[in-house]
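See below for the structure under consideration.
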Amino acid sequence: MATSPLLDASTLTTSPTAADALEAWYEANPPLTDADVNPRDVSRADLYSKDLWRAPFAEMRANAPINKVEDSAYGPYWNICDHKTIQHVEALPEIYSSDVEFGGITIADNRMDSDFQLPMFIAMDRPKHTGQRRTVAPAFTPTEMKRMEEEIRHRTAEVLDSLPGDKEFDWVDKVSIELTTGMLAILFGFPWEDRRMLTYWSDWAGDVELSNAPELDQQRQKILYEMGAYFQNLWNERVNAEPTPDLISMMIHSEAMKDMDPMEFMGNLVLLIVGGNDTTRNTMSGLAYGLDQFPDQRKKLQENEELIPNAVQEIIRWQTPLAHMRRTATQDTDLFGHKIKKGDKIILWYISANRDENVFPDADKLIVDRENARRHLAFGYGIHRCVGARLAELQIRILLEEMAKRRMQVNLTGEIKRVHACFVHGFRKMQVKLSQY
């Protein structure tokens with residue numbers, strides 16, 4: 001691994017984002033037309049960037065909630081589309097593995113025998129998963145959330161008070177990215193002036209579609225090595241210092257993670273950065289979009305602020321910021337009458353489970369007082385449930401509360417650009433203008 005970063009925050013305005021680079025690649029290498037593809041191959045990124053994913057998932061939930069796609073850009077895989085089956089698979093981690101040894105956690109393979117693979121604790125099975133998860137879990141306890149709440153509220157208020165009240169702006173950039181990147185900087189003890197580098201790295205790390213473009217995949221590897229070098233410098237600065245509450249110090253002073261090799265260190269950084277950045281950021285964007293799309297629900301929330309905690313769960317369900325997770329069968333098995341073979345790739349479509357009509361009536365509608373909103377699977381289920389779920393919920397709740405204090409209403413006014421991806425589900429740009437109610 002290199003010893004110093006090749007990029008600093010001052011160059012990010014001229015460095016291509018992962019999304020821009022991939023968009024240019026797809027223009028030069030257009031995907032198959034709709035007539036040439038299996039309608040149940042929901043790995044196609046354009047379904048999400050064009051917001052066309054609901055219909056194919058609804059069809060599968062109705063007719064074949066478990067089905068196999070034999071040919072896709074990522075090879076053959078099983079679609080798991082309903083709430084019940086996803087919970088069942090997640091509850092059996094010995095049969096349905098998350099381990100990078102078998103391919104990892106996304107539809108794009110991340111195999112141990114490849115030249116560039118990143119072990120991370122979410123892509124590990126027990127017992128190693130248990131030890132590494134326990135290392136970072138103390139950063140997300142209820143006690144820590146209480147300790148951090150005042151600082152999160154102060155920063156949220158500062159960001160909202162800086163927004164222009166009389167002209168359009170990009171909510172994704174000015175609010176969603178700014179709040180979540182700042183939170184990550186605090187969690188890592190990361191230099192504040194370089195915090196936007198976390199967003200840049202997160203976008204390159206979390207875009208599984210880059211695996212379809214070999215030249216971009218090479219660029220991604222270079223950028224992640226730069227990320228690793230930057231964090232290695234922070235590690236070296238803290239290795240002989242007294243323990244502090246930041247995540248790097250927690251890793252340094254733990255038996256489970258203090259001896260990680262460089263690739264495992266990078267892998268866990270990717271997990272924490274993508275998990276902490278993309279998920280919360282895209283839910284914050286989904287919040288603005290969803291409340292604008294359902295003005296009756298926005299009015300209900302404005303008139304009943306006690307609904308905010310429940311609305312947080314509903315917004316997370318409705319947005320589902322990570323569309324899927326992947327498991328790999330470790331043995332031949334039967335899944336509700338379907339013969340799964342050892343080595344089969346199983347894709348758990350959280351984005352579909354959270355629209356399962358058998359669990360969530362009127363599932364496509366955002367309903368801020370939905371009674372069972374907390375049953376969503378956006379954070380996963382079982383031993384791999386998102387370790388930072390409480391922090392994500394806290395940040396979104398505080399954002400809604402601070403907006404309510406200011407009687408702030410977000411109105412969509414212009415361009416909306418969605419992420420071109422089947423893993424991260426969210427927004428790149430969202431032009432809005434504020435008003436008061």
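The values are calculated or read from the model by the stated rules, or taken from the named source; none is laboratory data. Being a predicted model, the structure only gives us computed values, none of them experimental. Every residue, glycine as well, gets a Cβ built from its backbone with ideal geometry; the counts of neighbours run over all protein chains shown. These accessible areas exclude ligands, DNA and RNA; they are computed on the full protein's heavy atoms, side chains included. Shrake-Rupley method; radii C 1.70, N 1.55, O 1.52, S 1.80 Å.
Stretched out straight at 0.36 nm per residue, the stretch from K84 to T244 would grow longer than its current Cα-Cα span by 53.5 nm.
Can you give the Kirkwood hydrodynamic radius for the range 340-437, in Å, rounded to one decimal and based on Cα pairs?
Numbers: mean 1/r = 0.0598 Å⁻¹.
Value: 16.7 Å, from the Cα pair sum.
Average accessible surface for the range 156-196: 39 Å² per residue, computed with a 1.4 Å probe over protein heavy atoms with every protein chain in place. The label-point distance for N233 and N304, in a model that sets each label 7 Å from Cα toward Cβ, rounds to 5.2 nm.
Got the relative contact order for the range 166-249 handy, in percent, Cα pairs under 8 Å and 6 or more residues apart? List each step's numbers first, then the result.
Details: 41 pairs, mean separation 24.6, N = 84.
Here the relative contact order equals 29 percent.
Modelled spin labels at S162 and A64, positioned 7 Å past Cα toward Cβ, are 5.0 nm from each other.
For the range 257-307, the list of trypsin sites (Lys or Arg not before Pro) that fall in a loop by DSSP and count at most 16 other C-beta atoms within 10 angstrom reads K258. For a straight C-alpha distance cut-off of 17 angstrom, the lysines reachable from K339 (same-chain residues fewer than eight places away being disregarded) are K68. Here the contact order of the range 300-426, divided by its residue count and restricted to Cα pairs under 8 Å and six or more residues apart, works out to 33 percent. Here is the list for the range 252-336: chymotrypsin sites (Phe, Trp or Tyr not before Pro) lying in DSSP coil, each with at most 13 other C-beta atoms within 10 angstrom of its C-beta, are F336. Accessible surface of the range 312-354, 1.4 Å probe: 49 percent of it comes from carbon and sulfur atoms. Sparsely packed loop sites in the range 351-394 (the GluC sites (Glu not before Pro) outside DSSP H, G, I, E and B with at most 11 other Cβ atoms within 10 Å) comprise E371. On the beta carbon distance between Y437 and R147, with R0 = 35 Å, the FRET formula returns roughly 0.60.
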